[in-house]
Amino acid sequence: MLAQSNRRSERLNATTPNRLVIADDHPLFRGALREAVSGLFPDADIAEAGSFDEVVALIDRGSVVDLVLLDLAMPGVRGFSGLMYLRAQYPSVPVMVVSASDDPAVIRRCMDFGASGFIPKTLAVDTMHAAIARVLEGGIWTPPDVDLDRVADEDIARLMARLATLTPQQVRVLMMLSEGLLNKQIAHALGVSEATVKAHVSAILQKLDVESRTQAVIAAAKIEVDQWPQTTPLDR
């Protein structure tokens, strides 16, 4: 990760064309966002992803990614899990959330989970340009009317702090638990053994301070009821 960070710094210092990933499952919006970004950076290398797995594949190709523009709701992720995974797995890659929601609570939670910015999809193109430019320069950007200093409910704040300690693989396992998948199904999807999955589940329960898979899913659902599924898996 340090090498990737150094390569990114060298690219920015050398004024190399920016490489961005637009992650959204709606082709029309991806196209509109590409057009907006191209207007600001005509020479930018812009890749598009319609699912979270495609996002990961693009970042893993080896070329330095300067910014990911991420929709919270897309195939392969639930709630803030995609953002949590990217920040844990690729800490040197800035992630800017682009969402149909402009709920101040959602924006604050995105920033708490490490986002470099938040763009509502209704934002004017000129303002979007300024927001993206600021993040690429190393700053952060959120709608000016959002109070980032507002204190969250203590229970939610503690839960978010615990969720932030999960490793990238544990985030993926928790996401799959929330979909009601069995250990063997999770193992197959991740290409690991069932024993490894069980170890991840045990670590998740410990980090979230809960006693069962069901309680873990319920706890995770509390941070974003609208986007993290309420499936209650059997305790296996």
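The values are calculated or read from the model by the stated rules, or taken from the named source; none is laboratory data. Given the structure is predicted, the values throughout are model-derived calculations rather than measurements. Virtual Cβ from ideal backbone geometry, glycine too; neighbours counted across all protein chains shown. Protein only, heavy atoms only, side chains kept; ligands, DNA and RNA dropped before computing areas. Shrake-Rupley method; radii C 1.70, N 1.55, O 1.52, S 1.80 Å.
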Would you mind getting the accessible area per residue of the chain, heavy atoms of the protein chains only, 1.4 Å probe, in Å²?
47 Å²
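222 nm [θ] for the chain, helices only, -39500 (n - 2.57) per DSSP H run of 4+, per residue, to 500?
Numbers: 11 runs with 117 residues, N = 236.
Dividing the helical sum by the residues of the chain leaves -15000 deg cm²/dmol.
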With Cα atoms, 0 to 90° folded angle of helix 154-163 axis to the chain main axis:
80 degrees
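From the P(r) of region 123-178, can you give the percent of Cα pairs sitting at distances over 12 Å?
Numbers: 1184 of 1540 pairs.
Of all Cα-Cα distances in region 123-178, 77 percent exceed 12 Å.
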A correct Karplus calculation of ³J(HN,Hα) over region 125-139, with 6.51 cos²θ - 1.76 cosθ + 1.60, θ = phi - 60°, whole Hz and x for Gly and Pro, returns 4, 4, 5, 4, 4, 5, 5, 5, 4, 5, 5, 5, 7, x, x
Accessible carbon and sulfur surface of region 125-206 relative to its total accessible area, %, 1.4 Å:
50 percent
The answer for trypsin sites (Lys or Arg not before Pro) in region 27-68 that fall in a DSSP coil and have at most 16 neighbouring Cβ atoms within 10 Å is Arg61
Compute the helix-to-body angle for 2-13: its Cα long axis versus the longest principal axis of the chain, expressed 0 to 90° and rounded to tens.
20 degrees
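Would you mind computing Rg(Cα) / (2.2 N^0.38 Å) for region 37-158, counting N as its residues?
On the way: Rg = 14.2 Å, N = 122, 2.2 N^0.38 = 13.7 Å.
Dividing the Cα radius of gyration by 2.2 N^0.38 Å gives 1.04.
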With every protein chain in place, the accessible area of Asp209 for a 1.4 Å probe, in Å² rounded to the nearest 10, comes to 110 Å²
What's the angle, to the nearest 10 degrees (0 to 90), between helix 168-178's Cα axis and the longest principal axis of the chain?
60 degrees
With every protein chain present, what accessible area does Leu148 have (1.4 Å probe, heavy atoms only), rounded to the nearest 10 Å²?
70 Å²
